[in-house]
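Computed from the coordinates by the stated procedures, all read-outs in this text should not be read as laboratory data. The model shown is predicted, which means the values in this text are computed figures rather than measured ones. All Cβ positions, even for glycine, are placed from backbone atoms using ideal geometry, and neighbour counts span all protein chains on display.
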Amino acid sequence: MRRTELTADSVAGPEPVLEARGVTKRFPGVLALDGVSLALRPGEVHALVGENGAGKSTLIKVFTGVYRPDGGELRYRGAPAAFATPMDAQHAGISTIYQEVNLVPMMSVARNLLLGREPRGRFGVIDAAAMYGEAERVLAGYGVETDVRRPLRTLGVGAQQMVALARAVSVDARVVIMDEPTSSLEPREVETLFGVIAKLRERGIAVMYVSHRLDELYRVCDRVTVLRDGRLAHTGPLAGLDRLRLIALMLGRDLDEVRSAGLTSFDRAGQPRANGQAPVVEARGLTRRHVLDGVDVSVRPGEVVGLGGLLGAGRTETAKAIVGALPLDGGQVLVAGAPLRGGSTAAAIRAGVSLLPEDRKAEGIIPTLSVRENIALAALPALGRAGVVSEARIDKVVEIFMRRLRIKAASPHQLVSELSGGNQQKVLLARWLAVRPKVLLLDEPTRGIDVGAKAEVQALIDELAREGLGVLLISSDLEELVEGADRILVLREGAVVGELSGDEVTEERIMATIAEQADG
């Protein structure tokens, strides 16, 4: 497919407030950006899309002062610009909301919201009462009602994301960059976000919106820029670009190829995988005060069981309890019919139960280690003899999983922190597959990754299930649950309130089950 050659200057309109002109960025062995141009105009919501590794994160970091470009020019408000640090960019009026909440978890909600802008009284002392009052007023406008004195870490991920959003918008911003802003939000919070975006547009603020959710893009964005392999693939109005064409541009494939391959729906329906075998893992009566209330879960070999429910319903806590990462007040976990003893993640891994966590940065990857080291980490005890690890066996395992999962990296020795979010997710998946588990617990496995990587991960889950691996799938994406799961357990307030199977596995039935319990 011929690449669409457009530059930021090729489209008529208001003077851009932030602009990249032929920007290039190199890393050892990798050309991350190759002459990319993009213009953000006042009052415009501009979508930035592409597969993982396309260069989206790198471009954002160039715009926000994390990286300096190796070539090309950055312009801000009509003049050449060079931001030495993210703080310089923020002071200039460029605010960023990252996919992973980038705040201070131990600090209070109010301090996080107003950090660096706290109201002060005499002698420059922070006026705590005024700070708390201002924080409550600002957050109320985002549908967040909480004690602003409490540490941020005590809030759910969705509420933390709304605090980050409120902080980014409340400063005197001329540009707001949103990197997968809805990945942790409930539907109600998503609607609040879209309302905020509408107000930003009315105020003439430029918004860069990065998301893999096409419905969102077509709902809120005016224009779209597609990156592919670090290059500009397309720039233009979104309204005249149908979804099939957009996906073809992102994947770098002909339209007919995308249509014939069925890559637009990623329908994973097929022959039933579950059978009459005994559960490979079974949780009975998992209980923890204020968190879990007698949760029962079972997964059979080759079965994909989904956990549905709103954020805070107990889905992540159930998975953590199964692998021993959440202390329990009652209940037990059985693996292949035998009680899981030891009460630790190490014991769970030895028994064949592994968890891919929701927060890959805080609980998953080790950014200072290479791709190779991150993949081999959990399997090291099995890759050596008498305490001596075989480097050759490590290389073989890493090579197998990098190829199977199509991990894009300059080499196995590249730092994992230099990879795109989707490839980091694949590295984590490779780590746990390398220990040959009997059951894999996947907490939001496709959160924040693009269409192409999402399809690859979903296809891999299907393949693993066909090979006999049991899978517990947690996802906020109802479509993903419906297409991927054989059965779905619906949770609310830490308890299982419904089980759906067969023809009952629909988005409508999941929502109805939640709603019935909420109304009851």
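One table, with the values for the structure above:
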| read-out | value |
| --- | --- |
| Counting DSSP beta bridges with both ends in segment 281-519, the antiparallel % (nearest 5) | 55 |
| Residues 242, 395, sorted so that the one with the fewest Cβ neighbours within 10 Å comes first | 242, 395 |
| Relative exposure of 123, 83, 27, 63, judged by other C-beta atoms within 10 Å (fewest first) | 123, 27, 83, 63 |
| Table column - 3J(HN,Hα) (Hz), segment 455-471, Karplus curve with 6.51, -1.76, 1.60, x for Gly and Pro | 4, 5, 5, 4, 5, 5, 4, 4, 4, 5, 5, 4, 7, x, 6, x, 10 |
| Cα-based convex hull, segment 285-337, per residue volume (Å³, whole number) | 78 |
| In sequence order, calculated HN-Hα J values of segment 35-47 (Karplus, 6.51, -1.76, 1.60; Hz; x Gly/Pro) | x, 7, 10, 7, 10, 9, 10, x, x, 10, 9, 10, 7 |
| Counted charge near residue 55, where neighbours are those whose Cβ lies closer than 12 Å (Asp, Glu -1; Lys, Arg +1) | +3 |
| Within straight-line cross-link reach of residue 320, lysines at Cα separation under 30 Å, skipping those fewer than 8 residues along the same chain | 361, 408, 426, 438, 454 |
| Ranking of 24, 368, 154 by count of other Cβ atoms within 10 Å, fewest first | 368, 154, 24 |
| Separation of alpha-carbon centers, segment 412-450 and segment 141-196, rounded to whole Å | 26 |
| Three-way shape label, segment 281-519, alpha-carbon gyration tensor, a/c 1.5 | prolate |
| Unit charges on C-beta of K, R, D, E only; dipole of the chain, Debye | 1580 |
| Alpha-carbon Debye profile of the chain, log10 I(q)/I(0) at 0.09, 0.10, 0.13 Å⁻¹ | -0.69, -0.85, -1.40 |
| Approximate shape of segment 409-517 as ellipsoid semi-axes (Cα gyration tensor, √5λ), whole Å, largest first | 29, 15, 12 |
| Amide H partners (placed H, <5 Å) of residue 306, local residues excluded | 473, 486, 487, 488, 489 |
